Every structure is written in structure tokens, then in C-alpha cells.
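Enquirer: Can you keep this structure in mind? I'll have questions shortly.
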Amino acid sequence: MSRPITVGVDGSEGSVAAVDWAADEATLRGDGLRLVYATLWAEHQLGAMKVSHADRAGEAEGVLAATERRVGSRQPDLAITADEVEDAPVNVLLSAASQAELLVVGSHGLGSVRGFVVGSVGQEVVAGADRPVVLVRPGYEQDGSGASEGSSHRKVVLGLDVNDVKDELLHFAFDFAGRHRVPLEIVHTWHHSFVHHPDAATKDERASALSTAVRPFRDRYPATEVAEVSAPGRAAEHLIDAASDARLVIVGRRGAARGAHIGSVTHAVIHHAPCPVAVVPHT
């Protein structure tokens, strides 16, 4: 039995965008869609204010019903399940992720420094989930088939370290690009000092290492168009720039543990990339 695409629901603008993205992806994959609502969302959001069990349950019922109607109008043939779970959001989402093909959550709007706000719940879930997590921006629109509106052939971008190649990342990226029939751009970067610029030999070595890492997956997915980008500089800056015309950016995160760090590159990408971001855990 295939795992569902699972999405965290709380009625926010980011949550609505996440639901739309998840519904389209579940339809494309032929998977079911699971909606999960943590009935302690209200207490988490309102701090010290106490909210009764009846109020929480009523809020959950209303939000889930409205969300099911929205999904039904968007993807009428999609199988949907909806669960209200009385627990804190992080606990609910991490448990749901372990039973899902991937977990989709919404992020907030632009912050004061023009970056997207990924709250403490989203960051804890990204750090602790043992399955891929996709963060979707509020207002990010798709055409119902999984393609962003006005640009049905947008690329998928993967950040890859050729010194520490992880098959989990390459498999997720090639599988996603192949399902959507879009090009895949794989970005590898390396640091260099201002006083020492990389020579042609260094650039050729890096490009060759990237090509070697990618070749087995090119052979496995021959129909997928692949561009390999090897360049000096900061990985986060290159990935955020590439995200400007991408439908998805994919980054990795080592391990899965509550309270774990997600790494500086992944942290920067989830806060600043304008498109959805997939964070894929690896060993």
C-alpha cells in the first residue's frame, strides 16, 4: 500500500497554499491525501490564553470541512482522509510524517528582512522528520496539475555536495522531475578566497566530480533533461538565485532528531527561496 501525501492544516494562508500543492502532487502520483489538524494549534498560537477542548474540536471540524471542500473542487477524484489529533503541532506533524510519502506544510509571508518566516514549528518539523518535508509559501499558485501558473515547464533545482553525495537526494530530485516532466538543474558550489581565484583545472575537476556523481541517475532516468552547474561561491546564494524560476528547490538535511540543526544552507534556502522547498533527510 502506498503512503499518502500528508499536509498540515490550520486555516492559515500558508496552510491553504500547502493544501493546494499537496492535492496536486497526490493526484499526480496517484496517492491519497491526508489532512492533519493539531487541536492544540490554538493554544500554541495564542500563548497563555486557554482554549477549551470543545472550542478546539469545533475549530478543527470547521477548518477540516472547509479544506476538504476546497480539495474536492480542485481535485474531485482525489481520495481524502482528515484527522484531528489532540496534541501539540510538532508532535502531530512528526508522527504524520513518519507514515507519509512526504509531508507538506505552509510557511508564513515575508518577514522584516524580506525573507519568508518559517516558525518554530516548521523548523522543528524540518529538523526532526524522517521523511521529506515540503514547505510552501502563501500565495504560491499552481494550475491544478502541479505546474506553477504561467510557467508549466519550470525547472526543479537540487543542491548537491560532490564531496558527500547522498543517493536519497538524487533519487528524490530525479523522481520528482521525471514525474513532472520538467528539467532538473543540479547545483554544486565550492568556497574560494578573494585572493585565490579557482583556475581552469579546479573548475574542470569540480565539474567532472559532479558529472560522475550524477551519471548513474542520468542512466536511470534517461528522459529527464539535466543541467549540471558547478561554480565557486556560496551554495545558498546560488540556490536562492536558481529558485527564482523554479517550481521546487531540493536541499538535504543530515539525520532526524528533535532539536537538531538543519544546516546553514538549508536554513537560508527555506527562509529565502521564493518557490516551494523540499528538505530531504539523509544519513
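Enquirer: List every residue pair whose Cβ atoms sit under 8 Å apart, with the two residues 6 or more apart in sequence or on different chains, where the first one lies in segment 69-93 and is over 18 Å from D10 (Cα atoms) and the second, anywhere, is modelled with pLDDT of 95 or more and open to solvent by 50 Å² or more (accessible area, probe 1.4 Å).
Expert: Pairs that qualify, where the first residue is over 18 Å from D10 (Cα atoms) and the partner is modelled with pLDDT of 95 or more and open to solvent by 50 Å² or more (accessible area, probe 1.4 Å), are Q75/T27; D77/T27; L78/T27.
Enquirer: Moving to a separate point now. I need the full set of residues from segment 194-248 which are charged (D, E, K, R), modelled with pLDDT under 95 and either more than 30 Å from R137 (Cα to Cα) or touching a Cys at 6+ places or on another chain (Cβ under 7 Å) (or both), in order please.
Expert: Once the filter is applied, which keeps residues that are charged (D, E, K, R), modelled with pLDDT under 95 and either more than 30 Å from R137 (Cα to Cα) or touching a Cys at 6+ places or on another chain (Cβ under 7 Å) (or both), segment 194-248 yields D199, K203, D204, E205, R206.
Enquirer: A further question follows. Would you pick out the residues in segment 212-267 that are outside any loop (DSSP other than H, G, I, E, B) and polar (S, T, N, Q)?
Expert: Of segment 212-267, the ones outside any loop (DSSP other than H, G, I, E, B) are 212-220, 226-232, 235-254, 264-267.
Hits for segment 212-267 are T212, S230, S244, S264, T266.
The values are calculated or read from the model by the stated rules, or taken from the named source; none is laboratory data. Just so it is clear, the model here is predicted, and its values are computed rather than measured. Please note: Cβ atoms are built from the backbone with ideal geometry, for glycine as well, and neighbour counts cover all protein chains shown. Keep in mind that these areas ignore ligands, DNA and RNA; they rest on the heavy atoms of the full protein, side chains included. Shrake-Rupley method; radii C 1.70, N 1.55, O 1.52, S 1.80 Å.
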